[in-house]
Amino acid sequence: MNATNTTRNGHRADGTHTEPFVYELDGVSKIYGSGNSRVAAIVDIDLAIRPGEFVTVVGASGSGKTTLLQLLGALDRPTSGSIACLGRGLGDMSERDLTLLRRRHIGFVFQQFNLIPTLTAHQNVEAKLAVAGGVMGDRLREQLAAVGLEGRANHLPSQLSGGEQQRVAIARALSTNPSVLLADEPTGNLDTTTGQEILQLLRALSSEHSQTVILITHDRELAAAAPRMIELRDGRIISDERNRLEAHGQEVVS
Ligand code: ADP
Ligand code: MG
């Protein structure tokens, strides 16, 4: 999917390069408040994520998962440490540049779907593409087909099940061909079976298109099905299990 943006010498049309890492975090901390209300949400995290990785982030409520995703999504800045996204240091970038980075390179999916209720599935994806200046028509139909919703294009969110609404949100997030998809508890509002289907969909989209995906969940069983699982506790990474699939020669949990 991303290869279409990249010329042969590894330079993208927008001036960024193809980097060995989608993210590099060095000593990243995020402290909220001060004095008695001081909360260390993320503490001294080092992390590198390569293109095409499918990573789950697991941890109890309050362990810092959402804070980490907001830092990765350039929605918030760390208190200390550095974050590079696609080889560019976020600390040196203006708010405007961060907005452009988000728009061009990062797709977001949230627990609450965040669809516009008065727009159909088709129009919700179209609205995102319009903001990003993207191409319409075929691309839009392809996106809805890719998430299995070609027959639901003209339905309003209220006429769709939770799982279908999340599929629209995924189609919307991927419509601009982002370098990375960040998902914060995308299965949190869904029943177990539907949650598994959404995870399978993201896995399939990720492997078909070498799409980097970072997905938060508090569901350990779901998280453990991924090739890489990072566990947070009290803002720190307490485990980072890689190559789970390769090690077993097949999927650990299918
Ligand atoms: P999780 O997503 O794992 O539940 P969060 O990243 O939302 O965890 O929160 C981590 C910690 O930071 C929690 O103790 C939470 O109360 C605190 N926190 C999160 N956001 C803020 C904020 N804007 N202001 C103050 N504290 C916050
Ligand atoms: Mg959270």
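The values are calculated or read from the model by the stated rules, or taken from the named source; none is laboratory data. Treat the numbers as computed from the prediction; the structure is a model and nothing was measured. Reconstructed Cβ throughout: ideal geometry from the backbone, glycine too, with neighbour counts over all protein chains shown. SASA here: full protein model, heavy atoms, side chains in, ligands and nucleic acids out. Shrake-Rupley method; radii C 1.70, N 1.55, O 1.52, S 1.80 Å.
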_For the chain: rounded, prolate or oblate by the Cα gyration tensor [a/c cutoff 1.5]_ = rounded
*With all protein chains present, how much of the accessible area of the chain (probe radius 1.4 Å) comes from carbon and sulfur, to the nearest whole percent?*
47 percent
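With the other protein chains left in place, how much accessible area per residue, in square angstrom, belongs to the chain at a 1.4 angstrom probe? Write down the numbers at each step before the final one.
Values: 12170 Å² over 254 residues.
Computed with neighbouring chains in place, this is 48 Å² per residue.
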_Calculated FRET efficiency for the pair Leu75/Glu221, C-beta based, R₀ 30 Å, to 0.05_ = 0.60
_Extension gain from Met93 to Arg242, taking 0.36 nm per residue of separation minus the Cα-Cα distance_ = 50.6 nm
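Rounding to the nearest 20 debye, state how big the charge dipole of the chain is about its Cα centre with +1 on each Lys and Arg Cβ and -1 on each Asp and Glu Cβ. Show your work: numbers first, answer last.
Details: 25 positive and 29 negative charges, 101 e Å.
Using Cβ point charges on Lys, Arg, Asp and Glu, the chain gives about 480 debye.
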*Hey, got the dipole for the stretch 106-240? About the Cα centre, +1 on K and R Cβ, -1 on D and E Cβ, debye to the nearest 20?*
240 debye
_Convex hull per residue volume in Å³, alpha carbons only, for the stretch 26-111_ = 119 Å³
*Stretched out fully, how many nm does the piece from Gln200 to Leu100 gain, at 0.36 nm a residue minus the Cα gap?*
33.0 nm
*Arg233 paired with Val39, simple spin-label distance in nm, labels 7 Å along Cα-to-beta-carbon*: 2.0 nm
